[in-house]
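Here is the structure we will look at.
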Amino acid sequence: MCGIAGILYKKKGGPGGRNVGAGQALIDMLDGCQHRGPDSTGFALYREDTSGILRLRFFIGEGPEAIAAKTTIHKTLADHGATVVEEHDEGTTVTLRVNYGGDIQELSYALEHAAKLMSVGASLDIIKDIGTAHDVDDIYAVRDFQGTHGLGHVRLATESDVKPEAAHPFWATGFSDIAIVHNGQITNYWKMRRRLERRGYQFHTDNDSELIAVYLADKLKTGTVLNDALKESIDDLDGTFSFLVSTKDEIGYAKDRLAVKPMVKYEDDDIIAIASEEVSLNRLFPGQPLNTMEPPPGTFQTWHR
Amino acid sequence: MAQIDLSDISVTDANIRIRELGEAGENIEVLNPDARHHIGVGLTAPVTVHVKGSAGYFCAGLTDTPNFVVENNVGWGLADNMLQGSVVVKGNAGAIAGVAIRGAEVVIHGNMGSRAGQVMKEGTLLCGGNANFMAGYMMYGGRIIILGDSGAKIGEDMTSGNIYVAGKVDDLGSDAMLIDLPADERDDILAFLDKYELKAPKSFQKIVNAGTKLRYGTAEPQMRPMPFFEFSGKSDYWNTKVQEDIHIKAHTGRYRIRGYGGARSLPHLSDIAFRKDLSGAANEPDPVSKVEMRTEIGGINGANPLKISMPIMVAPMSYGALSRSTKQAIGIASGLSDIAENTGEGGMSDAQRDAASQLIFQCLGGRLGWNIHDMKRADGLEIYISQGAKPGLGGQLMAKKVTPELAKIRGIPHGIDLRSPSRHPDILGADDLVIKIEEFREATGYKLPVSVKLGAGRVRDDIKIAVKDGFDFVELDGMQGSTGAGSAEVLEFVGIPTLAAIVEAEEALAEIGRRQDIQLILMGGLRDGIDAVKALCLGADAAAFGTSAIIAGGCIACMQCHVGQCVTGIATQDPEHEKRYQPLVEAQNIHRFFESVRWQVAALAHAMGHTSVTQFSRDDLVALTPEAAAITGLPYEPEYRNQIPEALKMQKVG
């Protein structure tokens, strides 16, 4: 119930060398397909990679709720030997940068239980809130993001409430730096989830996008490269889907065998951009005809930065 | 040549301008289209529209006679339901290019996306490059020419028409087969290529329907119907009814098909009653004059509402399931009672349009009878998602009823067992649905209400999607709703009862605080004004009658609607049988039935102390059974069982 977008800059400057940052490019793409999802908008951005220091973003709400949430977050971090280097409130969220050398999965599961964790990574930062791409940008200054790649999502809330924490993208709970945006419905959700849960993974939501993220993260953890993980996902996941996945260095897509969910891609020497609709891609090149392509059903592909 | 720059004005304003220029016979250039949706929809003039760039979804959709040229790519649903005219796309096309075209020539120089030509009826769809997955899926006629490779599952479940492929054909769809190309058809193709200045390839392969799935195998034996369990005479486990069912399945080897609704006893409106003392209800000689009954439906988002004389409508029923005379009689009756009529699936007839004062035009997945001209003369547009009798399944119309005349209106071959698609080509999620609704609104200038017909299944989720997607009203159909033909198991055992459906819908809307943003029409086994009032008390803005209206017009409830030999001339397309039906007489009977409903609604409202039909509420009701109490949350008070005074009960019609 949504629109998705992803972009990777192969060269500095971005689309047509126009010097548009990747944050602004994603805002433009999502604004182009906002009709697919007016309720909430989200971004997965890959900021400067500072190894050894983890970036965490939490949804904390406002007023007393926010103060209570922060107290819990600090206690949990302290309990796990993570020290806070930097802390920054933004909208209804707080971003923390912490020194932490332990097991990321253990820390993030503990944080998930304590608070509403939105993303974890050496460079991943997920920003999502209710409202349009421009509404979210007004609060979180997504336009200032100058990195090499990122994903975006607009959501039409149908089955769950309009809440910032129910917005997309989703991160792979327990794994750093993996994010997903997905349009569709995974029908063997519970079967796949139980399979992963038996292997010790925890799920924070009942959302099928989170399942895809954890499924792929598990593959990557066990040594599969992203391209092969996507190939296997087409066999393993049942249902209708068009999704985009990103890691610190790559973005990729996979599309189900029934070609039910839309996806259009555009690639040149400067960028690769993928979106639900061409109207988003045209936003990157106003007034210019583009040589776009609809990926065939049952296909996948990845790009390195 | 007039110019319209989409970097200056909205698509909505552009489309109004395009139609004005079309009326004036002026050709048009659209600048900076930037893949925006709905460019040129609703245009019915033979002018040229030159789109100088890429277009989005439904470019040239719902049009008749224009010629479009698109310089670059197009999104989903190119030339959707285009009647006559042409579209040339110089780049690639997204999924379902040429969907449901009825005569148009659609030429794509590049590649085309999945399911191109789905449910197309007539005309030519040409792809200069490669086709993606399932080209020609469920096509009913016309031809698809592919100069490149075919893609997987080509011709999947095509009913008729021809597909020609110059490149590789690796994978045929279900019920499709390859045959040799006749010489005269080759000449036709070459002439077409020449017309659009395209290079002719060396050779073509031809793909047609293989004919293995168009008719059911062994026909179901016709025998004296025993539709109800209760009719079996004995209550033992292997009773006559059960034996009959097994015998028929032993003969045909498949599920059984029949008409009408379920025969099982389910919690229903008869399991709730009115709390107030209504013994004086019949004392007022003219209750209709005492109660405000006029109702407006569909205006909440700014469209022109349906204005009806009471909160009552006719449920959607197709010309196809019913005879033309029956649809005419219902149309006349709805006009006489000044309520809204609905075309159902099979298109709109002039007689029906003329007779009905308010007419809703229904759009189904097969787009059978759907077209821009009838959209423009409708009073409301409706997207059918499913119906209460068989939620999630498409319609069935047995060969006996698919006469040449009926087939022509629907744009399908005659004499097939028609199984209408269960889903729309272009509505595969709530996000696509938003764009589809907007296409209808763009094409008709945002004047008409757009509604959705929902069979009760996942009501809670479906209703939320309906309101989020901006429908003006919902026609919610419970499990007790009837059908012209459906599998017996589905009729009896699939769905959510009408009573539960309205309660779930109200709860879902309350949950998201959006009750004021949509109107609800309840249907599914409503039998009289008393049922209608209960529906209104439970929250419905209006109630709709289908089966009751047919019975008022002479139906004998034999449940053999699917056979096509209806003895009353109602559920038949056989002219000999239809002769028995006297539409002008039956129109009066149906009209009188609606007037009895009007009187009952008014008398009940008056007796409850209401002065308007908008004052009914849940507080007026109690539940008579523990099941109804559990479903509705109403207090369980069985002692109200005999509360309805004799004088208010349904009178025999006539």
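A few remarks follow.
- Filtered residues of the range B:87-129 (kept if at pLDDT 95 or above, touching a Ser or Thr at 6+ places or on another chain (Cβ under 8 Å) and either open to solvent by 10 Å² or more (accessible area, probe 1.4 Å) or away from every other protein chain (no Cβ under 14 Å) (or both)): B:ALA104, B:GLU105, B:VAL106, B:VAL107
- Entry remark, the range B:167-187: residues being in a helix (DSSP H, G or I) and open to solvent by 90 Å² or more (accessible area, probe 1.4 Å) number 2 in total.
- Number of positions in the range B:392-439 that are more than 23 Å from B:ASP80 (Cα to Cα) and of a type in the set (Gly, Ala, Ser): 3
- In the range B:130-139, the residue that is nearest to the other protein chains (Cβ to nearest Cβ) out of those that are under 27 Å from B:ILE409 (Cβ atoms) and open to solvent by 10 Å² or more (accessible area, probe 1.4 Å) is B:MET134.
- Of the residues making up the range A:41-62, those that are more than 19 Å from A:LEU107 (Cα to Cα) and either open to solvent by 40 Å² or more (accessible area, probe 1.4 Å) or within 20 Å of the chain's Cα centre (by Cα) (or both) are A:THR41, A:GLY42, A:PHE43, A:ALA44, A:LEU45, A:TYR46, A:ARG47, A:GLU48, A:ASP49, A:GLU62.
- For the range B:232-272, filtering for residues that are open to solvent by less than 20 Å² (accessible area, probe 1.4 Å), closer than 30 Å to B:ALA629 by Cβ and in a helix (DSSP H, G or I) leaves 1.
- The residue list A:ILE212, A:ILE234 contains one member that is surrounded by fewer than 22 Cβ atoms within 10 Å (Cβ to Cβ) and of a type in the set (A, V, I, L, M, F, W, C), which is A:ILE234.
- Matching residues, the range B:143-160, being away from chain A (no Cβ under 14 Å) and either open to solvent by less than 10 Å² (accessible area, probe 1.4 Å) or in contact with a Lys or Arg (Cβ under 6 Å, 6 or more places away or on another chain) (or both): B:ILE144, B:ILE145, B:ILE146, B:GLY155, B:MET158
- Of all residue pairs spaced 6 or more apart or on separate chains, those with beta-carbon atoms under 7 Å, a first member in the range A:217-243 that is free of Cβ contacts under 8 Å to residues at least 40 places away in the same chain and a second member that is in a helix (DSSP H, G or I) and of a type in the set (Asp, Glu) are A:LYS219/A:GLU232.
- The number of residues in the range B:1-27 being part of a loop (DSSP other than H, G, I, E, B), within 12 Å of B:ALA45 (Cα to Cα) and not aliphatic (A, V, I, L, M) comes to 3.
- Residue in the range A:162-169 that is farther than 18 Å from A:GLY131 by Cβ and either assigned to a loop (DSSP other than H, G, I, E, B) or open to solvent by 10 Å² or more (accessible area, probe 1.4 Å) (or both) present: no
- Test: residue in the range B:371-379 that is crowded, with 24+ Cβ neighbours inside 10 Å, charged (D, E, K, R) and in contact (Cβ under 8 Å) with a residue 24 or more places away in the chain: no
- Residues located in the range B:28-79, provided they are outside any loop (DSSP other than H, G, I, E, B) and out of contact with any Asp or Glu (no Cβ under 6 Å at 6 or more places or on another chain): B:ILE28, B:GLU29, B:VAL30, B:THR48, B:VAL49, B:VAL51, B:ALA55, B:ASN67, B:PHE68, B:VAL69, B:VAL70, B:VAL74
- Residue in the range B:343-355 that is within 14 Å of the chain's Cα centre (by Cα) and open to solvent by 10 Å² or more (accessible area, probe 1.4 Å) present: yes
- Looking across the range B:459-483, the residues that are more than 14 Å from chain A (Cβ to nearest Cβ) and open to solvent by less than 20 Å² (accessible area, probe 1.4 Å) come down to B:ASP472, B:PHE473, B:VAL474, B:GLU475, B:LEU476, B:ASP477, B:GLY478, B:MET479, B:GLY481, B:THR483.
- As for the range B:419-433, it holds no residue that is open to solvent by less than 30 Å² (accessible area, probe 1.4 Å), away from chain A (no Cβ under 14 Å) and over 20 Å from B:MET317 (Cβ atoms).
- Matching residues, the range A:9-30, being part of a helix (DSSP H, G or I) and either more than 12 Å from chain B (Cβ to nearest Cβ) or in contact with a His (Cβ under 6 Å, 6 or more places away or on another chain) (or both): A:PRO15, A:GLY16, A:GLY17, A:ALA22, A:GLY23, A:GLN24, A:ALA25, A:LEU26, A:ILE27, A:LEU30
- Selected residue (criterion: nearest to B:GLN396 (Cα to Cα)) from residues of the range B:498-510 that are touching a residue at least 24 places away in the same chain (Cβ under 8 Å) and open to solvent by 20 Å² or more (accessible area, probe 1.4 Å): B:GLU504
Per-residue answers, yes or no, for (1) under 18 Å from the mean Cα position of the chain (by Cα); (2) within 14 Å of chain B (Cβ to nearest Cβ); (3) not hydrophobic (A, V, I, L, M, F, W, C):
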site: A:PHE203; (1), (2), (3): yes, no, no
site: A:ALA217; (1), (2), (3): yes, no, no
site: A:THR222; (1), (2), (3): no, no, yes
site: A:LEU230; (1), (2), (3): yes, no, no
site: A:SER233; (1), (2), (3): yes, no, yes
site: A:THR247; (1), (2), (3): yes, no, yes
site: A:ASN282; (1), (2), (3): no, yes, yes
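- The residue that is farthest from A:LEU56 (Cα to Cα), among those in the range A:133-160 that are within 14 Å of another protein chain (Cβ to nearest Cβ), within 16 Å of the chain's Cα centre (by Cα) and open to solvent by less than 10 Å² (accessible area, probe 1.4 Å), is A:VAL154.
- Filter result for A:HIS80 (open to solvent by 20 Å² or more (accessible area, probe 1.4 Å) and at negative phi): yes
- The number of residues in the range B:69-88 being within 15 Å of B:LYS195 (Cα to Cα) and either touching a residue at least 24 places away in the same chain (Cβ under 8 Å) or among the charged types (D, E, K, R) (or both) comes to 3.
- Tally, over the range A:172-201, of residues that are open to solvent by 10 Å² or more (accessible area, probe 1.4 Å), within 17 Å of A:LEU151 (Cβ to Cβ) and away from every other protein chain (no Cβ under 14 Å): 3
- Screening A:ALA273 with (1) more than 10 Å from chain B (Cβ to nearest Cβ); (2) surrounded by fewer than 22 Cβ atoms within 10 Å (Cβ to Cβ) gives one miss only, at (2).
- Restricting the range B:67-86 to residues that are buried (at least 24 other Cβ atoms within 10 Å of the Cβ) and away from chain A (no Cβ under 14 Å) leaves a set whose member that is farthest from the chain's Cα centre (by Cα) is B:PHE68.
- Selection over the range B:434-447 of residues that are away from chain A (no Cβ under 14 Å), more than 16 Å from B:ASN81 (Cα to Cα) and in contact with a helix residue (DSSP H, G or I) (Cβ under 8 Å, 6 or more places away or on another chain) gives a count of 2.
The values are calculated or read from the model by the stated rules, or taken from the named source; none is laboratory data. Just so we're clear, the structure is a prediction, and the values are computed from it rather than from any experiment. All Cβ positions, even for glycine, are placed from backbone atoms using ideal geometry, and neighbour counts span all protein chains on display. The area values use the complete protein model at the heavy-atom level, side chains included, leaving out ligands, DNA and RNA. Shrake-Rupley method; radii C 1.70, N 1.55, O 1.52, S 1.80 Å.
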